[in-house]
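These notes concern the structure reproduced below.
What follows draws every value from the coordinates through simple rules; no lab data is involved. Computed from a predicted model, the values in this text were never measured in an experiment. Counting neighbours? That spans all protein chains shown, and the Cβs are built from the backbone with ideal geometry, glycine included.
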Amino acid sequence: MTEPMMPPAHPFDDDKLKEECGIFGVIGTQDAANFVALGLHALQHRGQEAGGIVSHDAELGFQSARRFGYVRDNFTSQKVMETLPGPLAIGHVRYSTSGNKGQTAIRDVQPFFGEFAMGGAAIAHNGNITNANALRRELIERGSIFQSSSDSECIIHLMARSLQRNIPERMEDALRRVEGAFSIVAMTRTKLIGVRDPLGVRPLVLGRVGDGWALSSETCALDIIGAEFVREIEPGEMVVITDKGVESHFPFRRVAPRFCIFEHVYFSRPDSILGGRSVYETRENIGRELAKESPVEADLVCPVPDSGTPAAIGFSLQSGIPYAMGIIRNQYMGRTFIEPTEQIRNMGVRLKLNVNRALIKGKRVILVDDSVVRGTTSRKIKEMILDAGAAEVHFRIASPPTAWPCFYGVDTPQREKLLAATMSEDEMREHLGVDSLKFISLDGLYRAVGEAEGRNKSCPQYCDACFSGEYPVKPSDMLEKGFEMKAAE
Ligand code: SF4
């Protein structure tokens with residue numbers, strides 16, 4: 001049987017790490033699914049391939065809708081939203097980080113639903129289970145029948161096998177078997193549940209909306225529904241929310257948290273608050289640190305839009321070199337060229353970005369970008385800037401060299417495809433053909449996120465594995481496939 005498959009959401013290789021997923025849930029409001037749709041719309045940057053919503057209504061029970069594509073194209077029509085009634089709903093936007101990588105099948109679209117002896121439950125997962133292969137093998141041997149290729153489905157099957165008497169306890173049981181990164185929003189008929197893994201790798205926040213409550217990957221999605229940000233769900237915490245309020249407990253062994261530092265650099269929206277800090281301000285700080293660490297004489301500081309913008313502003317403020325929008329982004333790419341012809345494909349980056357020639361001609365330009373992954377886009381941008389008549393091009397990168405893949409819910413190329421895994425900084429500069437190339441140091445990045453002393457080497461305060469190669473959770477599945485971790489120093 002063939003089933004509908006979604007073409008990759010990124011027909012042009014924009015050479016970025018791809019955000020994981022966004023999750024959102026609401027309890028205690030009329031037509032909760034409408035709030036969830038709005039929340040997911042605000043989280044669309046975390047996944048553009050597909051989205052799904054499950055709701056519960058006392059009369060109709062659980063209802064669900066799962067669709068390929070953007071939230072705005074799928075969950076705005078009255079016809080669809082009328083099928084999702086009730087005061088309790090959760091939702092998920094997806095970019096595939098496991099299973100059918102880069103090509104989503106409708107059966108892989110979350111939330112996943114399970115019917116248990118004590119009632120149904122739906123779950124939406126952001127992160128990645130690093131021992132999913134072993135769990136899946138074990139579960140299949142014991143009779144589980146998987147419906148999808150997603151690692152997240154293991155949680156439903158582990159819950160089904162648990163002997164605990166209620167769904168939150170079954171979920172705890174299941175999650176104790178799971179390694180890796182997980183932020184989860186789940187629901188039963190009467191409860192909204194939020195959980196974060198003990199390291200707190202991926203974000204999850206709690207909000208108050210009228211008399212109800214919301215759980216969200218980021219605070220920007222609380223803003224859109226007029227919810228008040230209450231607090232972050234803590235690493236290792238489970239909250240169970242009912243009409244009586246929020247119950248919190250910590251079912252896992254306590255460990256030192258390791259939140260993803262790349263959320264500050266790139267994944268989260270700049271209007272979100274992470275760890276009590278504005279993401280925008282952190283990114284501006286990163287630019288300031290970069291300017292202190294790697295100054296250069298130039299005429300203009302230009303961001304590679306949009307993600308390089310706050311860091312470029314910070315660089316400009318610190319260095320006193322004027323900020324200019326030397327590259328303009330076409331905001332309306334969308335899915336216009338979802339099946340691009342060869343001719344259009346060759347235009348590549350030019351379809352998305354255009355150089356502001358009048359500004360650039362004859363100038364020494366500092367380009368600020370958030371990261372260099374494979375370097376393909378950086379090379380093209382450099383060519384465009386030189387074609388426009390720039391006198392010099394200097395790259396300043398708002399993250400350290402990305403030399404290791406992420407196994408915690410971010411789609412990264414294989415290690416050998418990462419430019420920084422195979423080249424020194426100087427070799428990268430030569431490869432990109434720029435006058436200078438500098439990355440922020442790991443200590444500089446830690447200072448920018450508020451750690452005045454920089455990175456604590458014996459016990460790092462964040463996950464920074466894609467820069468340092470020091471993985472806070474053993475990537476068991478990948479080790480099985482032959483991945484070699486960095487040798488201990
Ligand atoms: S490896 Fe990098 S992207 Fe992945 S969780 Fe850690 S810091 Fe974030």
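Normalised Debye scattering of segment 282-457 at q = 0.10 Å⁻¹ gives log10 I(q)/I(0) of -0.39, counting only Cα atoms as equal scatterers and leaving out solvent. Placing +1 on the Cβ of every Lys and Arg and -1 on the Cβ of every Asp and Glu, with no other charges, gives the chain a dipole of roughly 280 debye about its Cα centre. Here segment 11-257 yields Rg over Rh of 0.93, to two decimals, using C-alpha coordinates and the Kirkwood radius.
Magnitude of the charge dipole for segment 282-457, about its Cα centre and with charges confined to Cβ atoms of Lys, Arg (+1) and Asp, Glu (-1), is about 400 debye. Taking the alpha carbon gyration tensor of segment 141-209, multiplying each eigenvalue by 5 and rooting it gives semi-axes of 22, 15, 12 Å, largest first.
Segment 358-417 and segment 278-311 have Cα centres lying 13 Å from one another.
Classify segment 102-155 as rounded, prolate or oblate from the Cα gyration tensor: take a ≥ b ≥ c as the square roots of its eigenvalues, call it rounded if a/c is under 1.5, otherwise prolate when a/b beats b/c and oblate if not. Here segment 102-155 falls in the oblate category. Helix-only arithmetic for the chain: the sum of -39500 (n - 2.57) across DSSP H runs with n ≥ 4, divided by the residue total, places the mean residue ellipticity at 222 nm at -7000 deg cm²/dmol. Using +1 at the C-beta of Lys and Arg and -1 at the C-beta of Asp and Glu, which of ALA403, VAL393, VAL449 has the Cα lying farthest in the positive direction of the dipole of segment 375-489? Farthest towards the positive pole: VAL449. The order of MET423, MET384, going from fewest to most other C-beta atoms within 10 Å of their C-beta, is MET423, MET384. Over the Cα atoms of segment 224-267, Rg to Rh with Kirkwood Rh, two decimal places? Radius of gyration over Kirkwood radius for segment 224-267 works out to 1.05. Counted by neighbouring Cβ atoms within 10 Å, the residues LYS191, LYS474, LYS244 run from fewest to most as LYS244, LYS474, LYS191. Binning the alpha carbon pair distances of segment 393-435 at 10 angstrom intervals from zero yields the distribution 27, 50, 21, 2, expressed in whole percent. Too long at a 24 Å Cα-Cα cut-off: which of LYS16/LYS380; LYS18/LYS457; LYS438/LYS481; LYS16/LYS457; LYS382/LYS438; LYS18/LYS382? LYS18/LYS457; LYS438/LYS481; LYS16/LYS457, as the Cα separations exceed 24 Å there. Considering only TYR95, GLY143, GLY22, and ranking their Cα positions along the charge dipole of segment 11-257 that arises from unit charges at the beta-carbon of Lys, Arg, Asp and Glu, the one farthest toward the positive end is GLY143.
Dipole magnitude for segment 11-257: about 520 debye, using +1 per Lys or Arg Cβ and -1 per Asp or Glu Cβ, origin at the Cα centre. Given LEU290, VAL201, ALA420, which one lies farthest toward the positive end of the charge dipole of the chain, if we put +1 on the Cβ of every Lys and Arg and -1 on the Cβ of every Asp and Glu? Looking along the dipole axis, the top candidate is ALA420. When the alpha carbon gyration tensor of the chain is reduced to an equivalent ellipsoid, the three semi-axes, largest first, read 39, 24, 22 Å.
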